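Have a look at the structure below before the remarks.
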Amino acid sequence: MNEKEDSMDPGFDPDTAPDLSRGVWPGKFAKSPVRRGRPPLEKPKKSTTIRLSQEVIDYFKADGPGWQTRIDAALLDWIRLNRLDATAGSS
């Protein structure tokens, strides 16, 4: 038995499955869009290289996987706070 057969419903009999290569099915399959992979992001992230102090890296890595995402979130927070400060000071 292979992995695919292992994951099938034990009550499923492939000999009783409908023939999807005939009738209306080939036309339906031909018209349906092929979707592969993840859907495209509205604002995809860009890959870059940045030099950070070891202290910063150690701090964010201490919480485990996702440390780069946490650095991104921290930088976005900093931008939001400083944008607000900049606009408040210009009035």
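Of all residues in the range 19-60, which are at positive phi and surrounded by 10 or more Cβ atoms within 10 Å (Cβ to Cβ)?
Residue satisfying the conditions is 23 alone.
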Take residue 64 and decide whether it is assigned to a loop (DSSP other than H, G, I, E, B), among the small types (Gly, Ala, Ser) and either in contact with a Pro (Cβ under 8 Å, 6 or more places away or on another chain) or at pLDDT 95 or above (or both).
-> yes
Does residue 22 satisfy the criteria of being part of a helix (DSSP H, G or I), modelled with pLDDT under 95 and of a type outside the set (Ser, Thr, Tyr)?
-> no
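The values are calculated or read from the model by the stated rules, or taken from the named source; none is laboratory data. Since the structure is predicted, the reported quantities are computational estimates derived from the model, not experimental observations. Reconstructed Cβ throughout: ideal geometry from the backbone, glycine too, with neighbour counts over all protein chains shown.
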